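Report on the following structure.
The values are calculated or read from the model by the stated rules, or taken from the named source; none is laboratory data. Nothing here was measured: the structure is a model prediction, and the numbers come from that model. Glycine gets a Cβ as well: all are built from the backbone with ideal geometry, and neighbour counts include every protein chain shown.
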Amino acid sequence: MPSITVRVNGVETTKEVDPRTLLSTFIREQMKLTGTHVGCDTSQCGACVVSVDGKTVKSCGVFAWQVDGADIETIESLGTEDNLHPMQAAFREHHGLQCGFCTPGMVMTAVALVKDKPDLTEDDVRHGLEGNICRCTGYQNIVDAVMAGAKAMRG
Amino acid sequence: MYLFEAKTPTDVDAVKAALDEDDEAQFLAGGQTLIPVLKQRLAMPSTLVDLNKVEGLSGITTKGDVIEIGAMTRHADVAANEDVQKAIPALALLAGGIGDPHVRNRGTIGGSIANNDPAADYPCAVLGLGATVVTDRREIEADLFFLGMFETALNEGELITSVRFPVPERSGYLKLPHPATRFALVGVMVAKFGSMIRVAVTGAGPCVFRVPEMEQALTEKFVPEQIKDGLVEADDLNNDIHASREYRAHLVGVMARRAVAQALG
């Protein structure tokens, strides 16, 4: 079995993985970080979005062995229950979730969008979230949350 | 999915060696189609040769009036490249409209055209702009590359290394994206090289195709009004739950007119 060494949320780790192990499975089952959700497992819904070397990817669409040597950041890297990341706080404040299943992917994507373009417009947000599907909210509150989170991140 | 062996070569020679060792080996580029296909057990390669760490397969270079894009260049990098945006804006626009941001961070031009999905965007750019596909063994003109649904001129084990796009005088690309997948229900690329016009259509038929009638009409005068209704027959077009063949035929005209308008800026 391939052995990989990755940094997950800043901590270096070396593990053996089956070639078929998806990055999402690796994160959830081998790293025990269950904040990354698997919604569709067909690389469409975006619930499993994580950052690999600074780029957002659907972790169910990448094999764990492919990211050997990479820096991986999951939703657990952002904030804690007592000290939420500004984007997480904005999602709570603006009711940007109902069931919450898509939220980890939404928040990871939103943070990346703001890092790429701090002064993003509502149009940028709507296009930027094309790869993240939510079946509850109708998106309006998610867009409001991302706009508010962007403002908070800008300080 | 079925079990396979994973190989991670870092140069083209090692890629070839990995292929020589296993007749059932398959390339893995961005994986945005192949990995879902493997999950569904629709493919059973015994070895996956990952191209992501192979030196020299990605990057964008401008040489005179040609832009060369390495096969493993991500869609996001093509969309954001200033040289591409300036020289072939329609190509940057097309790359920036593929799938969604996460797909664009992984997906590659080489993977897209090797797969030749009937509704993919890149085949339309390659055919519409008359690009040249460069492989580890030869150069293939766009007109000879796309042979049919998911079928190309690539031989067994042939590796795309780059695609060379000639810079047109003007170009435009427009698609009606399927609302869920962002694949093109119909997409049209129009390019003007002096008096030579190329029009390519994706999403409408089983394989990307050119429309000589539109090219002829636009050669006479490069304005949207030259695209009359009925220049594309509905008979051979795709007919499915997403759109009837008649609707697709109509859309080809609409998208072509708008692409010409976009090209004229």
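I'd like the full set of residues that are small (Gly, Ala, Ser), within 14 Å of chain A (Cβ to nearest Cβ) and over 19 Å from residue B:172 (Cβ atoms), limited to region B:61-105.
B:76, B:80, B:99
Among the listed residues B:132, B:108, identify the single one that is of a type in the set (S, T, N, Q), away from chain A (no Cβ under 14 Å) and over 30 Å from residue B:247 (Cα atoms).
On the way: B:108 fails: away from chain A (no Cβ under 14 Å).
Step by step, each of B:132, B:108 is checked, and only B:132 is of a type in the set (S, T, N, Q), away from chain A (no Cβ under 14 Å) and over 30 Å from residue B:247 (Cα atoms).
Identify, by number, the condition in (1) more than 22 Å from residue B:179 (Cβ to Cβ); (2) without any contact (Cβ under 8 Å) to a residue 40 or more places away in the chain that residue A:145 doesn't meet.
Going through (1) more than 22 Å from residue B:179 (Cβ to Cβ); (2) without any contact (Cβ under 8 Å) to a residue 40 or more places away in the chain one by one, residue A:145 breaks only (2).
Output the residue which, of all residues in region A:128-151 that are more than 14 Å from chain B (Cβ to nearest Cβ) and not aliphatic (A, V, I, L, M), is nearest to residue A:37 (Cα to Cα). Explain how you work it out, then say what you get.
Of the residues in region A:128-151, the ones more than 14 Å from chain B (Cβ to nearest Cβ) are A:136-138, A:140-145, A:147-151.
After this cut, where a residue has to be not aliphatic (A, V, I, L, M) as well, the list is A:136-138, A:140-141, A:144, A:149, A:151.
Numbers: A:136: 16, A:137: 18, A:138: 20, A:140: 22, A:141: 20, A:144: 23, A:149: 21, A:151: 26 Å.
Filtering region A:128-151 for residues that are more than 14 Å from chain B (Cβ to nearest Cβ) and not aliphatic (A, V, I, L, M), the one nearest to residue A:37 (Cα to Cα) comes out as A:136.
Just to verify a result, which residue in region B:21-56, among those that are without any contact (Cβ under 8 Å) to a residue 24 or more places away in the chain and among the charged types (D, E, K, R), is farthest from the other protein chains (Cβ to nearest Cβ)?
B:23
Are any residues in region B:1-54 charged (D, E, K, R) and either under 26 Å from residue A:53 (Cα atoms) or in a strand (DSSP E or B) (or both), and if so, which ones?
Kept after step one, since they are charged (D, E, K, R), are these residues of region B:1-54: B:5, B:7, B:11, B:13, B:16, B:20-24, B:39, B:41, B:50, B:53.
B:5, B:7, B:11, B:39, B:50, B:53 - these are the residues of region B:1-54 that are charged (D, E, K, R) and either under 26 Å from residue A:53 (Cα atoms) or in a strand (DSSP E or B) (or both).
Looking only at region B:170-215, filter to residues that are among the charged types (D, E, K, R) and closer than 29 Å to residue A:132 by Cα; which one of those is nearest to the other protein chains (Cβ to nearest Cβ)?
Restricting attention to region B:170-215, the residues satisfying the condition of being among the charged types (D, E, K, R) are B:170, B:175, B:182, B:192, B:198, B:210, B:213, B:215.
Okay, now just the ones that are also closer than 29 Å to residue A:132 by Cα, so B:175, B:182.
Working: B:175: 14, B:182: 7 Å.
Looking at residues that are among the charged types (D, E, K, R) and closer than 29 Å to residue A:132 by Cα, I get B:182.
Here is a yes/no grid of residues against (1) within 15 Å of residue B:202 (Cα to Cα); (2) surrounded by 15 or more Cβ atoms within 10 Å (Cβ to Cβ); (3) in the same structural domain as residue B:183 (by TED's automatic domain parsing):
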| residue | (1), (2), (3) |
| --- | --- |
| B:219 | no, no, yes |
| B:225 | no, no, yes |
| B:236 | yes, no, yes |
| B:239 | yes, no, yes |
| B:260 | no, yes, yes |
